[in-house]
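Notes follow the structure.
Throughout, read-outs are computed from the coordinates displayed, never taken from laboratory work. What you are looking at is a predicted structure, and each value in this text was computed from that prediction instead of being measured. Methodologically, a virtual Cβ is constructed for each residue, glycine included, from the backbone with ideal geometry; neighbour enumeration extends over all protein chains shown.
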Amino acid sequence: MNIALVEYGAGNLPSVERALARLGLESRRASTPEALGSCDALILPGVGHFGALMRSLGERSLVKPLRDAVASGVPLLGICLGLQAMFAASDEAVGDAGLGLFPQKVSALPPTDRLPHMGWNQLRRVRPSRLLDGVPSDAYFYFAHSYAALDAGEAGVALCDHSASFVAVLERENVFATQFHPEKSGPAGAQVLSNFVRRAGEKQ
Amino acid sequence: MSLAHRIIPCLDTDGERVVKGVQFVNLRDAGDPAALAARYNIEGADELVVLDIAASRDHRPTFLETIRRVAAELAIPLTAGGGVNNVDDGRAILRAGADKLTVNTAAIRHPELLTALAAEFGSQAVVLAIDAKRVGDHWEAFVRGGSVPTGIDAVAWAHRGVEYGAGEILITSMDRDGTRSGFDCALTAAISRSVNVPVIASGGADAPETFLEVFREGLADAALAASIFHDRIQGLGELKQYLGEHAISVRQTG
């Protein structure tokens with residue numbers, strides 16, 4: 001299978017590549033519209049700033065190809081900021097449009113608990129999840145963020161609680177995303193990546 | 001369901017090899033960083049810190065290679081630091097495979113560096129490391145590997161560092177470092193109360209009781225230790241089991 005990691009000059013590509021390699025999976029980096037158009041599965045990793053990510057995608061003319069790939073049924077996995085980029089907008093960069101795969105916006109977590117939300121936390125599953133298939137219900141995942149999607153309608157399949165209840169796992173048809181870093185989440189995270197790749201394979 | 005308290009093994013290196021010392025002096029070799037990283041990744045560490053305590057310019061490429069070798073062994077987050085003087089130093093460390101970087105001496109000299117690093121990489125990637133020593137009725141921040149006093153109050157500095165952009169504080173008690181006499185809970189609690197970012201306690205780790213204390217009384221979000229893990233005096237699994245039995249939320253593994 002041809003797995004492409006969207007490369008936009010930021011993010012944590014090497015750690016995602018290594019996590020896939022540990023599962024025996026090869027991946028390549030895609031930084032052009034052509035490269036995005038010719039793969040079986042896409043992963044959008046991300047760390048940093050919502051506005052910087054969207055501007056980088058824009059400068060590389062990757063926004064429309066990404067949307068087109070999703071519309072044509074290519075499975076997409078967003079990680080951390082990659083999840084946030086799927087929304088219409090974010091408090092972190094008012095005025096910058098997101099990919100708009102979901103109409104809601106990303107909000108700043110309220111400072112009721114320590115921020116950033118940094119470290120290992122558990123999930124609250126609210127709907128059946130393909131990504132969490134086979135993952136123990138008490139598993140911990142690694143988070144590092146101060147912004148989050150508080151609502152994604154039916155697509156929010158698992159939530160997490162820190163300062164507020166927010167979307168930790170997002171699934172809708174061929175679109176998947178996690179607010180946590182599966183590539184940094186030990187065996188539980190490896191299972192999530194493996195589930196994504198397996199689901200992507202079924203689409204062929 | 002709540003955020004787990006993190007247990008973080010720390011690899012102090014001379015850039016290439018893990019070294020050990022008591023209260024920042026008398027360094028001796030303690031092993032290969034990548035081999036230790038592989039062991040801690042399996043044994044249930046929640047994160048790993050690797051520091052270049054020599055931090056000399058000449059050895060920079062060597063340390064970056066060490067970060068690469070360590071990161072290759074990990075499916076958990078990695079924090080790296082030592083000698084970060086500017087945004088380019090930070091970028092090199094993150095590109096080598098670290099998720100977060102620590103800043104110490106340079107941030108005290110130029111606090112705006114914290115702002116610049118946070119703007120470039122996000123505050124979640126910027127850890128302000130403070131080496132503090134009891135002086136009279138307060139704690140003073142020291143720099144250059146704990147050798148130079150600054151006259152700056154460590155607790156006030158932590159608070160200001162967060163305002164400048166730090167997303168986490170790593171507080172090391174120089175009085176306790178390497179002594180195995182317990183964390184400085186008073187220092188850690190004072191720091192923890194002065195900021196709203198996560199606080200990692202360091203210096204003085206010993207038996208599981210010392211970790212319980214620093215989480216309960218020191219209000220730490222994470223606890224860091226080196227030699228008790230390197231020398232297998234304390235196993236990560238049994239430490240976490242002990243903490244879990246004492247109602248501290250931890251990520252149990254294996």
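Points to keep in mind about this one:
- Between B:ARG193 and B:ILE233, residue separation times 0.36 nm minus the direct Cα-Cα distance comes to 11.3 nm.
- Given charges at beta-carbon only (K, R positive; D, E negative), |dipole| of region A:3-202 in Debye: 180
- Loop-located GluC sites (Glu not before Pro) in region B:160-219, at most 15 other Cβ atoms within 10 Å (DSSP): B:GLU217
- Global form of region B:6-245, assessed from the alpha-carbon gyration tensor, a/c cut-off 1.5: rounded
- For region B:138-197 versus region A:128-204, the inter-centroid distance based on Cα atoms is 35 Å.
- Computed about its Cα centre, the charge dipole of the protein assembly as shown is approximately 700 debye, with only Lys, Arg, Asp and Glu carrying charge at their Cβ.
- Here the relative contact order of chain B, from alpha carbon pairs under 8 Å that lie six or more residues apart, stands at 18 percent.
- For region A:32-155: rounded, prolate or oblate by the Cα gyration tensor [a/c cutoff 1.5]: oblate
- A Förster radius of 45 Å, combined with the Cβ-Cβ distance separating A:SER72 from B:ASN86, puts the computed FRET efficiency at roughly 0.55.
- Partner lysines for B:LYS240 [C-alpha distance under 17 Å; skip if fewer than 8 residues away on the same chain]: none
- Counting charges near A:PHE143 (Lys, Arg +1; Asp, Glu -1) among other residues having Cβ under 15 Å from its Cβ returns a value of -2.
- Across peptide B:74-84, the average count of Cβ atoms from other chains found within 10 Å of a residue's Cβ is 4.
- Percentage relative contact order, region B:36-84, counting C-alpha pairs under 8 Å, at least six apart: 58
- Charge dipole of chain B about the Cα centre (unit charges at C-beta), most positive-ward option of B:LEU114, B:ALA201, B:GLN234: B:LEU114
- GNM on chain A, alpha-carbon springs under 10 angstrom: the most fluctuating residue among A:ARG114, A:ARG124, A:ARG67 is A:ARG114.
- Classification of region A:1-79 by its C-alpha gyration tensor yields an oblate form. The axis ratio a/c (a ≥ b ≥ c) is 1.5 or more, and b/c is at least a/b.
- Among A:LEU101, A:PHE180, A:VAL197 - extreme Cα towards positive end, dipole of chain A, charges at beta-carbon: A:VAL197
- Charge dipole (Cα centre; +1 on Lys/Arg Cβ, -1 on Asp/Glu Cβ; no other charges) of region B:63-216 amounts to roughly 160 debye.
- Each residue in A:LYS184, B:LYS133 was given a count of other beta-carbon atoms within 10 angstrom of its own, and listing them fewest first yields B:LYS133, A:LYS184.
- Efficiency of FRET from Cβ geometry, A:SER165 and A:SER31, R₀ 25 Å, rounded to 0.05: 0.10
- Listing B:LEU113, A:LEU83 from fewest to most neighbouring C-beta atoms within 10 Å gives B:LEU113, A:LEU83.
- Relative contact order of chain A: 19 percent, from C-alpha pairs under 8 Å at least 6 residues apart in sequence.
- The mean number of Cβ atoms from other chains found within 10 Å of a Cβ in peptide A:132-144 is 3, as a whole number.
- Straight Cα distances below 21 angstrom link A:LYS105 to the lysines A:LYS64, with same-chain residues fewer than 8 positions distant left out.
- Residue by residue along A:173-185, Cβ atoms of other protein chains within 10 Å of the local Cβ number 2 on average.
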